[in-house]
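Working notes, structure below.
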Amino acid sequence: MKKTAISLIFACISFALAAQTDLSDGIIVGKDEAISTPYFAATAGWTFPFGEMGNRYSSFMNINADLGWKTQKNWMWNVSFGFQFGSNNVKIKNDILSGMLTSTADPFVISQAGTDAGLIAYNRNLSLSVFCGKVVPLWFSNPNSGLLFSIGAGFLQHQIIYENTLENAPQIMGDYALGYDRQMFGPMLSSFVGYVHMSKKSFANFFVGLQFDNAWTKMTRDYQFDLRGGDDNVYYDRMLTIKFGWMFPFFGRKADKIYF
């Protein structure tokens with residue numbers, strides 16, 4: 001799943017780069033006025049979870065693929081698909097798997113070979129949101145750059161992924177793993193504040209800032225083995241993400257000037 005998401009982002013970047021190479025030398029963005037343009041953005045960030053999510057996971061990687069439109073009035077609209085994942089960052093792994101762990105000083109899951117399975121656990125999140133934002137220019141010379149304030153709404157799903165790194169442990173593989181994965185799903189509201197820069201040089205189009213997400217999630221599984229049932233509670237998940245995104249505007253002609 002990680003490789004698929006990253007491959008999709010690189011494919012979109014390649015397409016946008018190919019479109020940019022069709023421009024003549026010396027043509028610039030924002031030389032005379034604010035412009036209207038569609039764009040693709042590839043975003044990477046680091047997320048710090050709080051609330052119930054913070055009780056389950058430590059910090060994790062966040063990557064996004066955005067398709068958007070910047071208007072001449074400096075409004076920005078975009079649809080954002082997010083994929084987040086950690087690295088052995090599940091805090092409650094031993095609590096969930098207590099029924100199958102050894103009683104040694106350093107508990108582990110026994111593999112089918114009778115040895116330590118080397119089990120690790122990390123989160124995998126998927127999100128889909130729609131954002132609306134406003135660019136507030138800081139300089140007359142480039143009305144397309146400035147402070148960016150945006151809000152968004154969408155959905156979040158997160159769950160625990162178990163991986164045997166040494167030997168197979170059938171009791172935590174396949175469909176059995178679903179009985180321990182704590183898959184959650186629910187609506188999410190987001191806000192972002194940062195800086196967006198659309199440069200007079202072709203490839204210097206980026207944004208950087210902080211995003212705060214609030215999600216209200218509920219378990220999607222009817223049964224979890226350690227709970228001996230389901231969980232109908234709604235949990236309040238929060239995330240703070242430091243984000244950096246590289247933008248690839250698509251191009252159009254206006255009069256005898258080309259803007260990107």
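For this structure, a couple of remarks:
- Residue 177 vs. criteria surrounded by fewer than 20 Cβ atoms within 10 Å (Cβ to Cβ), out of contact with any helix residue (DSSP H, G or I) (no Cβ under 6 Å at 6 or more places or on another chain) and part of a helix (DSSP H, G or I): yes
- Residue within the range 236-250 that is surrounded by fewer than 17 Cβ atoms within 10 Å (Cβ to Cβ) and at pLDDT below 95 present: yes
- Search result, residues across the range 62-118 that are closer than 30 Å to residue 149 by Cβ and in a loop (DSSP other than H, G, I, E, B): 71, 72, 73, 74, 86
- Filter result for residue 50 (crowded, with 19+ Cβ neighbours inside 10 Å, more than 30 Å from residue 141 (Cα to Cα) and in contact (Cβ under 8 Å) with a residue 40 or more places away in the chain): no
- Any hit, the range 74-86, residues being among the aliphatic types (A, V, I, L, M) and closer than 21 Å to residue 242 by Cβ: yes
- Subset of the range 157-192 [touching an Asp or Glu at 6+ places or on another chain (Cβ under 7 Å) and over 19 Å from residue 225 (Cα atoms)]: 166, 188, 190
- Of all residues making up the range 53-75, the number that are crowded, with 20+ Cβ neighbours inside 10 Å and within 24 Å of residue 238 (Cα to Cα): 8
- Total residues in the range 186-233, condition free of Cβ contacts under 8 Å to residues at least 12 places away in the same chain, under 30 Å from residue 137 (Cα atoms) and in a strand (DSSP E or B): 0
The values are calculated or read from the model by the stated rules, or taken from the named source; none is laboratory data. Given the structure is predicted, the values throughout are model-derived calculations rather than measurements. Neighbour counts run over all protein chains shown; Cβ positions are idealised from the backbone, glycine included.
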